[in-house]
There are 2 protein chains.
Amino acid sequence: MTARMTGTSSNCVTLRRHHMDTSAYIKSLQDRASVELRKRLAVPGIAPDLEEAMQYAVHNGGKRIRPVLAYAAAETVGGALADADNCACAVELIHAYSLVHDDLPAMDDDALRRGQPTCHIRFGQATAILAGDALQSLAFEVLSQPSNKSQDTAAMVSTLAHAAGWQGMVAGQSIDIDAAGTAKSENELARMHRLKTGALIIASVRLGALSTGRATPEQLHSLETYAGCIGLAFQVKDDILDVEGDTAVLGKQQGKDRSLNKPTYTSLLGLDTAHQRLQALYEEGVGALSMFGGDADRLKAIAAYIIDRKH
Amino acid sequence: MTARMTGTSSNCVTLRRHHMDTSAYIKSLQDRASVELRKRLAVPGIAPDLEEAMQYAVHNGGKRIRPVLAYAAAETVGGALADADNCACAVELIHAYSLVHDDLPAMDDDALRRGQPTCHIRFGQATAILAGDALQSLAFEVLSQPSNKSQDTAAMVSTLAHAAGWQGMVAGQSIDIDAAGTAKSENELARMHRLKTGALIIASVRLGALSTGRATPEQLHSLETYAGCIGLAFQVKDDILDVEGDTAVLGKQQGKDRSLNKPTYTSLLGLDTAHQRLQALYEEGVGALSMFGGDADRLKAIAAYIIDRKH
């Protein structure tokens, strides 16, 4: 029995073993992530403004791509979803903090995210800065919580910290800010995105696999190659949506990146070539999963979801 | 053979076993921390502005109180200084990031720290925000590095993350910002400081002790009581210096807290009573160390240093 997935014809994938369609599978992981995040964000009642801002930043209708990837990676290596709850929440907390800080006036100066006022518009800049800081701390606190599996917590913390910091996400954001208004080659643009978004996406699958206590080095390598391609594809798709999408669906100001004169894949390559790059990255990404056979269908379905999304 | 320590007569302590005076001991730990921090801040060469700002924020003439406490706690439970290098660096990285963010215009809006332009004055706000973010990530990366000791890395990461986040330092900073211009009781003021500075100082001694792999629960409890008192004493002393000190020695604008109309121990209690509180906290702190006998002399000396300091 097979169930055909939604998607463009070239990206159709088959979930041979699971008899559920992609969108239902992804929705179930998104929902699980949101439930688990809500548990870990049960407010301690110490600094109410701060806590409300943190909740606001996390429960804002995000797509939970990183937790979805962590969960699917755990299942792909034969683990259970419960293994990956902590790391799925941790990567989303890092992502949420980065959005709060990126939106600040001194950074990208965005007033709207997913159709809602950004955190600093709603709570003020000071609270937004602190909420971001505390979300990062909480990510590491969550990741260090005891698990039933024989996890290597030190390796997991190291993975997340490395991906989030000056050799990963923050470095990419720094390069992105410096890049506004400057010409970039495609390689330079890819390098920036591999840091800014790719590092955390790669960390998400790595952590999901590590959380099961059963991933082999070969499996980790394969998963990371997949995630590197999908992470970059995610950004190419963002740039395409920034040109093709409309503001109502995107929930943010369409053409914002262009108005900031930031280099994008579409400005650099044109729309047609950007679409070709997107497809090539998708194929390279899913190709890296061959060692998993049918167990890779979940991750393949997520890849198709990422490049087919409308917002 | 004993060596008398410097300090006010009431705070004189004796380092019975170590034959070195307090200031030389503390200086040796400060220097060790700076050397170890320099190793861990060897720039990766990815985002130069960011990396320079991080270096600037860490190597700014800070007193390294938190690493000093971590090292001394490790020695107090019979461990080696090398055990505590990672955690000593981690607590200082958290402290350094918090200063960078606290100084931002949206927060305390300070242009000067330790006689030098603050990070955002020197590098711009965007880079300062990112440098703070990356310093926090680096703290957890450093803390997760392998050690020769049978450390419980998960417990150490949890300790630091809890102390740094929404139930610790960031909560205190949030309450502090909300408190500007409002009346506070002494208990409320103490609660704010126990979060804002106390939590990380307590974490510093706990981590130093945990890093040795040999601390007992009773030892940890005793050390944390000591650190709670010393952390609060540190803040009372800061408030006293803000009134008594002069700008040239302090390296920051004297009377700044008062000009922001923030509640302080001196404004709340008067200078004389604040001095009495300082002494009482010192005595309670060193009293908590009785189980260690002569092994506690290092931590006692550090307590005296903290309350006798001139800046």
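Remarks
- Look at A:CYS89, B:CYS229 and count the other Cβ atoms within 10 Å of each Cβ; fewest to most, that gives B:CYS229, A:CYS89.
- For B:ASP152 and A:ALA183, the FRET efficiency from 1/(1 + (r/R0)^6), where r spans their Cβ atoms and R0 equals 45 Å, is about 0.35.
- Net charge contributed by nearby residues that have their C-beta within less than 10 Å of B:ALA139 (K/R +1, D/E -1): -1
- Surrounding net charge for A:MET291, when Lys and Arg each add one and Asp and Glu each subtract one, Cβ distance under 14 Å: -3
- Build a GNM of chain A with springs between Cα atoms under 10 Å apart, and of A:ASP133, A:ASP85, A:ASP49 the one that fluctuates most is A:ASP49.
- 7 Å along Cα→Cβ, label-point gaps from A:MET291 to other copies, nm, shortest first: 4.9
- Each part gets one Cα centre, and for region B:40-116 versus region A:268-311 those centres are 42 Å apart.
- Furthest towards positive pole of dipole, B:ILE129, B:PRO117, B:LEU99, structure part region B:95-148, Cβ charges: B:PRO117
- Charges were assigned to the Cβ only: +1 to each Lys and Arg, -1 to each Asp and Glu. The resulting dipole of chain A about its Cα centre is roughly 640 debye.
- Global geometry of region A:9-308, whether rounded, prolate or oblate, following the gyration tensor of its Cα atoms and the 1.5 cut on a/c: oblate
- Footprinting exposure proxy for A:VAL100, B:VAL205 (fewest neighbouring C-beta atoms within 10 Å first): A:VAL100, B:VAL205
- Considering only B:GLU186, B:GLU218, B:GLU141, the mean-square fluctuation computed in a Gaussian network model of chain B, springs between alpha carbons under 10 angstrom, is largest for B:GLU218.
- Approximating the spin labels as points 7 Å out from Cα along Cα→Cβ, the B:ALA111-to-A:HIS59 distance works out to 4.3 nm.
- Distance between modelled label sites at B:ASP31 and A:ARG309, nm, 7 Å Cα→Cβ extension: 5.4
- Neighbour-count order for B:VAL142, A:VAL170, fewest beta carbons within 10 angstrom listed first: B:VAL142, A:VAL170
- Under 14 Å from the B:THR216 label point (7 Å along Cα→beta-carbon), backbone N, region B:272-293: B:290-293
Bear in mind these aren't lab numbers, they're just calculated from the coordinates by the rules spelled out. Not measured: the values here are computed from a predicted model. A quick note on method: Cβ atoms are made from the backbone with ideal geometry, for glycine too, and the neighbour counts reach across all protein chains shown.
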